[in-house]
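Enquirer: One structure is given below, represented as structure tokens, and several questions about it will come after.
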Amino acid sequence: DVMYEPYQVVNIQEAVNFLGANSRSPLLRALLEAYNSGCKDMWIYPAAPMSEYVETISDRLTVSGGKTFYQRYYDRLTSAYAQLVQWDCNEIVVPVEAVFYDAGDVDFVNQLLDFCAEAFATTGLVSLGVIGTRIVAPSSTSINAMIADERISNITAGGNFLMIVMGEGIVNLPQISTTFISTFAVQTAALMATSSLGRSVAGLKFPYISSVVGSDYSEDQLELLTQAKINPVVRSKRAKRGVAYEAKLLTDN
């Protein structure tokens, strides 16, 4: 019920209560993903009410009330970014449930990139944006479409503010009794925030991803994705033998 106002997480239980302790809330899930991954200096920003949330991915392009879920969420984020751009607390920004690919006519990538560039111009501080994908089972068609996406080739030097993470994983958190599927964006941001500045996050394992969803990519697909500056999450050799919690980021473009 409280939107368009940054909320500093000082006490995790109070933050959970602030979000209604609703385990379906993508913002609550993201908060707990980051907290369990070691992030302690966090802000959350409720940009849209739960009444607008569409959990089933296949229903997100269905028009309801004149707009799809992604179109409505884009408008919400536009308002949220306009408020947040004046703040100096947003070092790493993850627009939860915004996606790089398959959002219809909605472009969350340049929206986030423009925000990061404007925040830098306004405050002089770097804001890094991390965005994920919501494709449960990527096909050759979807992978080729992402590789050929003109938005990537048109990104200028401002692209240094943006990181695209591809894939989804099964998240297992101690505070939520059931597992759920999520993008890797939040836990990638957590790795960035908790690692030393001189260390790459490529090759680091996601502590709360029990398994990667979908089939493994071919070597050729991985090569093309990384050349396109898209960062896929892959299973380690141990994961391919059935060992859990062995998902890792292949690159950190």
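The values are calculated or read from the model by the stated rules, or taken from the named source; none is laboratory data. Quick caveat: nothing in here was measured; it's all calculated off a predicted structure. Cβ placement follows ideal geometry from the backbone for every residue including glycine, while neighbour counts extend to all protein chains displayed. SASA here: full protein model, heavy atoms, side chains in, ligands and nucleic acids out. Shrake-Rupley method; radii C 1.70, N 1.55, O 1.52, S 1.80 Å.
Enquirer: If residue 200 passes every condition in (1) more than 18 Å from residue 29 (Cβ to Cβ); (2) in contact (Cβ under 8 Å) with a residue 40 or more places away in the chain; (3) surrounded by 14 or more Cβ atoms within 10 Å (Cβ to Cβ); (4) in contact with an Asp or Glu (Cβ under 7 Å, 6 or more places away or on another chain) but one, which one does it miss?
Expert: (3)
Enquirer: Further question on the same structure: Among (1) open to solvent by 30 Å² or more (accessible area, probe 1.4 Å); (2) under 17 Å from the mean Cα position of the chain (by Cα); (3) β-branched (Val, Ile, Thr), there is one condition residue 243 misses while meeting the rest; what is its number?
Expert: Going through the list (1) open to solvent by 30 Å² or more (accessible area, probe 1.4 Å); (2) under 17 Å from the mean Cα position of the chain (by Cα); (3) β-branched (Val, Ile, Thr), residue 243 breaks only (2).
Enquirer: With respect to residue 147, determine if the residue is more than 23 Å from residue 246 (Cβ to Cβ), open to solvent by 30 Å² or more (accessible area, probe 1.4 Å), hydrophobic (A, V, I, L, M, F, W, C) and modelled with pLDDT under 90.
Expert: So residue 147 does not fit the description; no.
Enquirer: For the structure I just gave you, tell me whether residue 100 is touching a Lys or Arg at 6+ places or on another chain (Cβ under 9 Å) and either closer than 28 Å to residue 137 by Cα or among the aliphatic types (A, V, I, L, M) (or both).
Expert: Answer is yes for this residue.
Enquirer: I want to confirm something. Restricting to region 54-77 and keeping residues that are open to solvent by less than 50 Å² (accessible area, probe 1.4 Å) and hydroxyl-bearing (Ser, Thr, Tyr), which single residue is nearest to residue 27 (Cα to Cα)?
Expert: So, considering only residues that are open to solvent by less than 50 Å² (accessible area, probe 1.4 Å) and hydroxyl-bearing (Ser, Thr, Tyr), the one nearest to residue 27 (Cα to Cα) is 73.
Enquirer: So which of 53, 45, 74, 70 is under 17 Å from the mean Cα position of the chain (by Cα) and either at pLDDT below 95 or over 23 Å from residue 184 (Cα atoms) (or both)?
Expert: Exactly one residue qualifies, and that residue is 45.
Enquirer: If you don't mind, another one. Residues to consider are 188, 178; find the one that is closer than 24 Å to residue 43 by Cα and touching a residue at least 60 places away in the same chain (Cβ under 8 Å).
Expert: 188
Enquirer: Among the residues of region 80-100 satisfying the criterion of being open to solvent by 50 Å² or more (accessible area, probe 1.4 Å) and of a type outside the set (D, E, K, R), which is nearest to residue 228 (Cα to Cα)?
Expert: 92
Enquirer: Among the hydroxyl-bearing types (Ser, Thr, Tyr), under 21 Å from residue 239 (Cα atoms) and either open to solvent by less than 20 Å² (accessible area, probe 1.4 Å) or modelled with pLDDT under 90 (or both) - does that describe any residue in region 162-185?
Expert: Checked region 162-185: at least one residue is among the hydroxyl-bearing types (Ser, Thr, Tyr), under 21 Å from residue 239 (Cα atoms) and either open to solvent by less than 20 Å² (accessible area, probe 1.4 Å) or modelled with pLDDT under 90 (or both).
Enquirer: Still on this structure, I have one more. Pull up region 218-233, narrow it to residues that are of a type in the set (A, V, I, L, M, F, W, C) and surrounded by 20 or more Cβ atoms within 10 Å (Cβ to Cβ), then point me to the one that is nearest to residue 171 (Cα to Cα).
Expert: 233
Enquirer: Can we say residue 35 is at pLDDT 95 or above, surrounded by 14 or more Cβ atoms within 10 Å (Cβ to Cβ) and under 24 Å from residue 113 (Cα atoms)?
Expert: Spelling it out, it is not the case that residue 35 is at pLDDT 95 or above, surrounded by 14 or more Cβ atoms within 10 Å (Cβ to Cβ) and under 24 Å from residue 113 (Cα atoms).
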